[in-house]
Amino acid sequence: MKFKAFFTDDGISLLDKRFLPAMDKVGRVCHVFFTPTHAMLLHNLLGATAAGPDGGGPQCVAQFAKDLLFREYNLSSRNGNQIAFSVEVALLHRALRSVLAVHAQPPAAGDAAGAPAIQDVPISRPLSRSDVERLHAALDAAKDLPKTLVQVPDLPQLQSLVDRLKNVGDLLTVAVTQYGDLHLQVSTSLVTVGSEFRKLRVIGDRANAPVGDQNLTSSTRMDMAVERREALSVQVNMKHLVKSLHCHLAKPDCTFYGIAPDGACLTVVFQYFIPGTRLADKSISFYCRLPVLDPGSS
């Protein structure tokens, strides 16, 4: 088993300034997964349920084309030229920052220019073949996108709303309609508080909002949309949603929310553009899946 690679400047900057801070907020430990074509940071994919999010929190997948992060990339193993291991995100981030700090300093008199900076990062034993197969199964399941995704254009407003709602209750009802509505609501025995984002951009299955619904309350409109099978509604742990919002530290260009078929999970997809364009950068894939309570009951 061998792995040797050299970071590109853009690659190390992406990890240092975006993805490692985001992953560290989601969870202390992640898996690093190298394949012949991609490098990945994975959180919580090998939980109690490898085929879907478990109750321990959200799953997060950050996948990069190898050429985006590395200018040289040599990988070999008996496990289909794949290597995976777990690492503490903060230790990996600290090591990258230490290397960057060393290279930012001018060489002292008598020192060789470009002398290597060495940083050791403790990692787990490489995953076994069976664990790598479980990782693949979880990745394949996580790649199934909801049939309807709505884009949230104002992330600070969403974060502000969630900050208010988390003081009301621990469980959050989230609904997504094919009309482009995102509905958030917290209910307790004493009070019901919620808000909605309307007429958002829709990707995937869509429908026209019934004209007669415009004068109804948001809760009534949402219930009717669910009955017409033009919306899905799930309940998630507020702490899990707050964790997923930390992924915005990775500075995506677009963020979409959707609910998997049969209410299996709440999915958040973060999209990046090729610099200077509005074209999706397919060399980066970043998304989270939040476990739901009683999937399929809504």
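When a/c reaches 1.5 or more, the comparison of a/b and b/c decides; with that in mind, is region 2-141 rounded, prolate or oblate per its Cα gyration tensor?
prolate
Aspartates and glutamates within cross-link reach of LYS143: Cα-Cα under 20 Å, excluding same-chain residues under 8 positions apart?
Cα-Cα hits under 20 Å: ASP54, ASP131, GLU133, ASP205, ASP253, ASP262, ASP281.
Suppose every K and R has +1 on its Cβ and every D and E has -1 on its Cβ; what is the size of the dipole of the chain about the Cα centre, in Debye to the nearest 20?
In total the dipole reaches around 320 debye.
Shape verdict for the chain, please, from the Cα gyration tensor: rounded (a/c under 1.5), prolate (a/b greater than b/c) or oblate. Walk me through the numbers on the way to the answer.
Working: a/c = 2.22, a/b = 1.94, b/c = 1.15.
Prolate.
Heavy atoms only, probe 1.4 angstrom, no DNA, RNA or ligands counted: give me ASP262, ASP253, ASP181 ranked by accessible area, highest first. Please report the intermediate quantities before stating the final value.
Details: ASP262 120, ASP253 80, ASP181 10 Å².
Result, largest first: ASP262, ASP253, ASP181.
With θ taken as phi - 60° and the coefficients 6.51, -1.76 and 1.60, list the Karplus ³J(HN,Hα) couplings across region 86-101 in order, rounded to whole Hz; mark glycine and proline as x.
Ordered by residue, 3J(HN,Hα) equals 9, 8, 6, 4, 4, 5, 5, 5, 4, 5, 4, 5, 5, 4, 4, 5 Hz.
Any chance you could run the full-extension gain for ASP154 through ARG97? It's 0.36 nm times the residue separation minus the Cα-Cα distance, nm to one decimal. All intermediate terms of the calculation are to be shown ahead of the outcome.
On the way: separation 57, 0.36 × 57 = 20.52 nm, distance 3.09 nm.
Full extension from ASP154 to ARG97 adds 17.4 nm.
How much net charge surrounds LEU75 when only the other residues with a Cβ under 9 Å from the Cβ of LEU75 are counted, with Lys and Arg +1 and Asp and Glu -1?
Spelling it out: positives minus negatives among the neighbours equals +3.
What is the gain in length, in nm to one decimal, between LEU293 and ALA280 on full extension, counting 0.36 nm per residue of separation less the C-alpha to C-alpha distance? Mind dumping the intermediate values first?
Details: separation 13, 0.36 × 13 = 4.68 nm, distance 3.26 nm.
Extending this stretch completely gives an extra 1.4 nm.
Out of the total accessible area of the chain (probe 1.4 Å, heavy atoms of protein only), what percent is carbon and sulfur?
For the chain, the apolar C and S fraction of the accessible surface comes to 51 percent.
Using only alpha carbon pairs under 8 Å that are at least six residues apart, calculate the relative contact order of the chain and give it in whole percent.
21
For LYS243, go through the lysines and keep the ones whose alpha-carbon is under 19 Å away, minus same-chain ones fewer than eight residues off.
Straight-line reach from LYS243, under 19 Å: LYS17, LYS25, LYS166, LYS251.
What's the extension gain from ALA104 to ARG198 if we count 0.36 nm per residue and subtract their Cα-Cα distance?
Result for the pair: 29.1 nm of gain on full extension.
Could you calculate the FRET efficiency of LYS239 with LYS17 from 1/(1 + (r/R0)^6), where r is the beta carbon distance between them and R0 is 25 Å, rounded to 0.05?
Values: r = 26 Å, r/R0 = 1.03.
So, using R0 = 25 Å, E works out to roughly 0.45.
Go ahead and run the numbers for FRET between VAL121 and GLU72, Cβ-Cβ distance against an R0 of 25 Å, rounding to 0.05.
Details: r = 19 Å, r/R0 = 0.77.
With a Förster radius of 25 Å, E is 0.85.
Once you have a ≥ b ≥ c as the square roots of the Cα gyration tensor eigenvalues for region 240-285, tell me rounded if a/c is under 1.5, and otherwise prolate or oblate according to whether a/b is larger than b/c. Before the final figure, lay out the partial values.
On the way: a/c = 3.25, a/b = 1.66, b/c = 1.96.
Verdict is oblate for region 240-285.
Where does the charge balance sit around GLU88 when Lys and Arg score +1, Asp and Glu -1, over other residues with C-beta under 11 Å from its C-beta?
Working: positive: ARG28, ARG94; negative: ASP24.
Once positives and negatives cancel, what remains is +1.
In sequence order, what are the phi-derived ³J(HN,Hα) couplings for region 140-155 according to the Karplus relation 6.51 cos²θ - 1.76 cosθ + 1.60 with θ = phi - 60°, rounded to whole Hz, with x for glycine and proline?
Computed from phi, the couplings for region 140-155 are 4, 5, 5, 7, 6, 7, x, 6, 10, 10, 10, 8, 9, x, 10, 5 Hz.
Using θ = phi - 60° and the Karplus curve 6.51 cos²θ - 1.76 cosθ + 1.60, what whole-Hz ³J(HN,Hα) does each residue of region 156-169 get, with Gly and Pro shown as x?
Ordered by residue, 3J(HN,Hα) equals x, 5, 5, 4, 5, 5, 5, 4, 6, 5, 5, 7, 9, x Hz.
Relative to a virtual label point 7 Å from the Cα of THR188 in the Cα→beta-carbon direction, which members of region 135-173 show backbone nitrogen distances below 15 Å?
163-173
The values are calculated or read from the model by the stated rules, or taken from the named source; none is laboratory data. Keep in mind that what you see is a predicted model, and the values were worked out from it rather than measured. Neighbour counts run over all protein chains shown; Cβ positions are idealised from the backbone, glycine included. Remember, those area values only see protein heavy atoms, side chains included, never the ligands or the DNA or RNA. Shrake-Rupley method; radii C 1.70, N 1.55, O 1.52, S 1.80 Å.
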